């Protein structure tokens, strides 16, 4: 199952660390490494969203209010293939406003609360695995 990690550029290091943990658990994770200088990044990103089956959304202080993250989440929530396959990860108990800074629906999706001081990705990996299993059983 291919996983797309929705994040802003400032959170690239964390996204790569989570991607590595998910890959170790057997998931295929789409990577920005697929985009090269001169590429049509919007087209490639759109293709990645189309080909992925599960989305992890990194909700951080850096991501608050990002129109790109909001668009990716809206795509996932309105795409039938992502139904029940969006995992929101709230990093460092964010103090930003749901609705103004982050799509409100993510708060209602039983998000993973993650502390960047731990560098322990087990809960994220376990949640992705559980969502992937539920999605496979529903198909």
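Any residue in region 33-47 that is over 20 Å from residue 11 (Cα atoms), at pLDDT below 90, in contact with a helix residue (DSSP H, G or I) (Cβ under 7 Å, 6 or more places away or on another chain) and not in a loop (DSSP other than H, G, I, E, B)? No. For region 78-88, filtering for residues that are farther than 20 Å from residue 11 by Cβ and in contact with a helix residue (DSSP H, G or I) (Cβ under 7 Å, 6 or more places away or on another chain) leaves 3.
Going by the conditions given, is residue 64 out of contact with any helix residue (DSSP H, G or I) (no Cβ under 6 Å at 6 or more places or on another chain) and in contact (Cβ under 8 Å) with a residue 12 or more places away in the chain? Yes. Residue-level check: of (1) touching a helix residue (DSSP H, G or I) at 6+ places or on another chain (Cβ under 9 Å); (2) surrounded by 11 or more Cβ atoms within 10 Å (Cβ to Cβ); (3) modelled with pLDDT of 85 or more, residue 130 misses just (1). A count restricted to region 51-70 and to residues that are more than 21 Å from residue 18 (Cα to Cα) and modelled with pLDDT of 85 or more stands at 1. Within region 65-87, the set of residues being in a loop (DSSP other than H, G, I, E, B) and surrounded by 17 or more Cβ atoms within 10 Å (Cβ to Cβ) comprises 66, 85.
The values are calculated or read from the model by the stated rules, or taken from the named source; none is laboratory data. What you see is a predicted model; the values in this text were computed from it and never measured. For neighbour counting, all protein chains shown are included, and Cβ atoms are generated from backbone atoms with ideal geometry for every residue, glycine included.
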